[in-house]
Structures are given as C-alpha cells and as structure tokens.
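To start, the structure under review is shown below, and the notes come after it.
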There are 2 protein chains.
Amino acid sequence: MHSFTEENYIKAIYKLLESNDETVSTNAIAERMNTKAASVTDMLKKLSAKKLVNYQKYQGVTLTAKGEKTALNIIRKHRLWEMFLVEKFNFTWDEVHDVAEQLEHIQSEKLIDELDKFLNFPKVDPHGDPIPDAKGKLHLQKSKPLSQFNIDDVCVITGVVDHSPSFLRYLDKQGFVLGNEIKIKDMADFDRSLQISVNKRASFFISNDVAKNILVIAKQI
Amino acid sequence: MHSFTEENYIKAIYKLLESNDETVSTNAIAERMNTKAASVTDMLKKLSAKKLVNYQKYQGVTLTAKGEKTALNIIRKHRLWEMFLVEKFNFTWDEVHDVAEQLEHIQSEKLIDELDKFLNFPKVDPHGDPIPDAKGKLHLQKSKPLSQFNIDDVCVITGVVDHSPSFLRYLDKQGFVLGNEIKIKDMADFDRSLQISVNKRASFFISNDVAKNILVIAKQI
DNA sequence: ATTTATTTTTAGACTTATCTAAATTTTAAT
DNA sequence: ATTAAAATTTAGATAAGTCTAAAAATAAAT
C-alpha cells in the first residue's frame, strides 16, 4: 500500500492536472503542498519507481493509469466522507475538509462500500463535484447551455452548440475561452439577456441567443 | 498532538496496566506491540519527556494522569467506532478491529461528539467494555454474583461476598484467582448448581451457595 | 547568441521510528 | 554471596520524509 504522504502527493498531482493541463511542475506541487521543491523531487523519484507517475528530470510529471486510479480512489473516499459529515453529523462545509483529509486515508474496502450505500450512492457531492464510483469511474456532469443557469451561479465553459465561424468569432472577440469561469451577475426578465463576468473580469451583457449556445457545467471548486 | 505511534504505545500501556497491575515492563510492551525491547525503551524516554508516563530505567512504567487521560480518549474513540461499524455498517465483530485501530487516531472533537450522539451515547460496547465519556470517565460496570449469569456466559472474577477464611480456603483449593475467567458450561435447574470452567481448564461443579458469593463482571475482551 | 533569471535537482543533514548487537542492570539460583 | 540467567538499556545503522544550500538545466531577455 501507499503511505499517507504518497497518497497526498498523488492527489495533489491529480488536482493540478485537472485544472492546468499537460504536465505538472515541481514548483506547482511544492506550492500546493506547502513544502519545498527539493522534497517534491525526492517524492517524484519514489512515485516514479512505483510506476504511479511518469517522470523525467526537469520535464514535469503526469499520472500513469495506476496513479490515476489511485487518485480517483482517494478522491472517492474524500468526497463520500464529506457527504457523510455534512448529511449525518451536522458538519458545515468549512468544517468538513480537515477531517475528510484524515478519513480519506483509512484503508478498508468494506468501509467505503458501506459508506457509499449508507449515503445511497451519491453521484456528486454538494459542491457539485462528481464522486468516482467503486471502479474509479467518474460520472461526468453533462454540460448544459448557460441560458439554463441563474443569477449568482458560477460555471465553467465546456463547449458550444453553434459551431459557425461567425459565432466563434464573436466568442473570441469577447474573450471567451474553454475552461473560463462565468459568473451570472444579473438577468433581464423581458429578454432573458444576461450580465456576466468572465474569469472575474469586468462584466458585460450577452443575449439569450448567445447564452443558449454556450455549454457550461456548474463550477467544481 | 501525539503521533499515531505514541498513541499506540499509550494504549498498549493502559491495557497492560488494566490486566496486570503495578508497573508494566519493557518486554511486555514489546510483545504486545510486536516490536523489539530496544524500540520500546526509546519510546518510553520520549513519552516520559512528554510527561505521559512515569519511567525510571529498569523499573518499568506507569501512566501519568495526563497519559491516562490520553489513553481513555483513544479507547473512547476506538469503542465508539466499533459500535458504529457494527450497528450502522454491518460489520461483524471480527472485521471491526483493524478498521477501528485506524479510525481511533482521527483528530476531531466534533467528529467524536457527533458519533457519540449518533449512537445515542452508549455506555458499553457490545463486548461489555465500558466506553469512556467525553470527560474520559469510565462508567464501570458493577460486579454481580456469578449466580446471576447464564449458560455460556463468560465473566471475570472481581471479588467475593463472603470473606470468611473457610470460603477463601475453598476458593484457593479450587484454584480461583482474581482476574480468572469463568465460563458457565451448564446449570442444574433443581438446585441451581453450576458446571464451570476456570481459565479454560477442565470444568467442575460448584453449588449455588458458592456462586452467590463469587463476584464477577461480564468478560471484557 | 550570450547572458540573466528561474526552475529543478543533487548533496548532505536532521527527525521519527525502527532494528541488531553489545553492554549493563536486575533477578534468580546455587 | 557469587554466579548464571533474564530483562533492559545503549550504541550505531537504516528507512521515510523533510530541509538548506549549492550545482545544474531550462527558459527568458537582451
């Protein structure tokens, strides 16, 4: 089995791969884990020897299939425990994290399967984050048009419905990029036009026609 | 806070003090923890520096008040988790131990208080072992005469009602010793005499008069 | 295309917990 | 009261994970 420390590194790498892309840098890991780059290098060598990461000196890392499976299992445990604490033990969302960080390392298949059953096999946690199933599969949320969201919702751009050049040109001009975060600031009842802010920049208006053609998912924090 | 390892040592010392008495030897700890005497010595020095144990070279150890409080808190957590796993997660008693050994080290007051509440503040676990309350107090089970137990019950000798020399001489002759384990093999309806086995030795008979004068508690495994 | 700055890695040291083997102390036995 | 046996402690090593400081490699800037 893997040590707590190894598991924490794997999880950090997974999270960084999820938001950034390509490969993850030593410094990025060090920053996320409040440790020093030298320590990260040491650990990367060890994880590489265990075939959990693909690592080449100076070139950053990615997870191997085995590493990703490990990460998903830890995340599954973390999110199930968070659900449990909030739903059954009256924890608030800000209290939940530290305890779940501890609980996610408990080793017992049966414990997690029973926990899953106890919670009635939830697909997403209350953050909207998907919970991997027992096989490590993520039931990804289906994207929906931005027009179906409401004031104060925050979501992430995943694609478009209309692929016409004119629409894509429009998006480009407005600065929309895949993965950008959109917050709905206001909505006009009479024409369903939206006032939105992209990546926390200054807000602007888009028509309902545009909103219907931008695919998003609820923000995963 | 204390490391997992420190907590495990503290717990082991507590258990040994509970069954034996006086002080606990280095070798006894080593045996219980499947480790070497040299490792125990190192740890005892550390625990002593932290004022968790009273330790003098070659003289064995006892727990300080602080150490005992620590031990009781770990035991509280362990037994509450055992109850939880059995009652809510369909664990059998033999599956429970390893997982509870892990869960007992999770640090969160709120978690344990909520767990306690969730289980409706149990006083003893299904082994009959008492569960320390939030203040670390043990609600000790009161001893009862052996005559009040039934076939297949297993209990431990804690004292006697009749302190007369003739009775004590009788007990001595039969090989009864404080702390011995008694299993009731059979009971005769007509005179309530018992067939019992002491410490798993060959069984023999005692009269109801004798059984009424031996104090026991249900076995704590 | 060099030089400079940044990132990453190595080298050596420290901490916790463990071990083996040797030395010391206590206990038991003659 | 010595000697023998058992228990305990010390000394020195090892492994995991961390750190600082210096060296090496990559990326950025002139």
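The values are calculated or read from the model by the stated rules, or taken from the named source; none is laboratory data. Fair warning: this is a prediction, and the values are worked out from it, not measured in the lab. Here the Cβ is made from the backbone with ideal geometry for all residues, glycine too, and neighbour counts use every protein chain on show. With ligands, DNA and RNA removed, areas are computed over all heavy atoms of the protein, side chains included. Shrake-Rupley method; radii C 1.70, N 1.55, O 1.52, S 1.80 Å.
The table that follows gives values for the structure above.
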{"item": "Rel. contact order, % - alpha carbon contacts under 8 angstrom, at least six apart, the stretch A:4-63", "result": "35"}
{"item": "Per-residue HN-Hα couplings for the stretch A:6-19 [Karplus 6.51, -1.76, 1.60; θ = phi - 60°; Hz; x = Gly/Pro]", "result": "4, 4, 5, 5, 4, 5, 4, 4, 4, 5, 5, 5, 5, 7"}
{"item": "Dipole magnitude of the stretch A:144-218, debye to nearest 20 (Cβ charges: Lys/Arg +1, Asp/Glu -1, about Cα centre)", "result": "200"}
{"item": "Accessible-area composition of the protein assembly as shown, carbon plus sulfur, in percent [1.4 Å probe]", "result": "50"}
{"item": "All-pairs Cα distance distribution in the stretch B:54-186, expressed in whole percent, bin size 10 Å", "result": "10, 29, 28, 24, 8, 1"}
{"item": "Sequence of B:M187, A:M1 from largest to smallest accessible area, 1.4 Å probe", "result": "A:M1, B:M187"}
{"item": "Average beta-carbon neighbours from other chains, 10 Å sphere, peptide A:112-118", "result": "2"}
{"item": "Point-to-point label distance, A:L140-B:E95, nm (Cα→Cβ direction, 7 Å offset)", "result": "3.5"}
{"item": "Computed helical MRE - 222 nm, chain B, DSSP H runs ≥ 4 contributing -39500 (n - 2.57), nearest 500", "result": "-13500 deg cm²/dmol"}
{"item": "Added length on full extension, which subtracts the Cα-Cα distance from 0.36 nm per residue, A:Q107 to A:N180", "result": "22.6 nm"}
{"item": "Rounded if a/c under 1.5, otherwise prolate or oblate - the stretch A:144-218, Cα gyration tensor axes", "result": "rounded"}
{"item": "Residue mean of other protein chain beta carbons inside 10 Å, B:79-88", "result": "1"}
{"item": "Peptide-level mean, for A:101-108, of C-beta atoms on other protein chains within 10 Å", "result": "4"}
{"item": "Gyration tensor verdict on the stretch A:4-63 (Cα atoms; rounded if a/c is under 1.5, prolate if a/b is larger than b/c, oblate otherwise)", "result": "rounded"}
{"item": "Contact order relative to length of chain A, as percent, for alpha carbon pairs under 8 angstrom and 6 or more apart", "result": "15"}
{"item": "Cα centre as origin, Lys/Arg/Asp/Glu Cβ charges: the protein assembly as shown dipole, Debye", "result": "1020"}
{"item": "The stretch B:144-218: relative contact order in percent, alpha carbon pairs under 8 Å with at least 6 residues between", "result": "44"}
{"item": "Size of charge dipole - the stretch B:4-63 - debye, nearest 20, with Cβ of Lys, Arg +1 and Asp, Glu -1, no other charges", "result": "240"}
{"item": "Under-5 Å amide H pairs with A:V154, H placed in peptide plane, nonlocal only", "result": "A:K219"}
{"item": "Per-residue ³J(HN,Hα) for the stretch A:159-172, Karplus 6.51 cos²θ - 1.76 cosθ + 1.60, θ = phi - 60°, Hz, x for Gly and Pro", "result": "x, 9, 8, 7, 9, 5, x, 5, 5, 5, 4, 4, 4, 4"}
{"item": "Per-residue HN-Hα couplings for the stretch A:173-187 [Karplus 6.51, -1.76, 1.60; θ = phi - 60°; Hz; x = Gly/Pro]", "result": "4, 6, x, 6, 9, 3, x, 4, 9, 10, 10, 8, 8, 7, 9"}
{"item": "Global geometry of the protein assembly as shown, whether rounded, prolate or oblate, following the gyration tensor of its Cα atoms and the 1.5 cut on a/c", "result": "prolate"}
{"item": "Cross-link table B:K88/B:K142; A:K11/A:K117; B:K11/B:K123; A:K77/B:K50; A:K69/A:K212; B:K110/B:K144, entries beyond 30 Å C-alpha to C-alpha", "result": "A:K77/B:K50; A:K69/A:K212; B:K110/B:K144"}
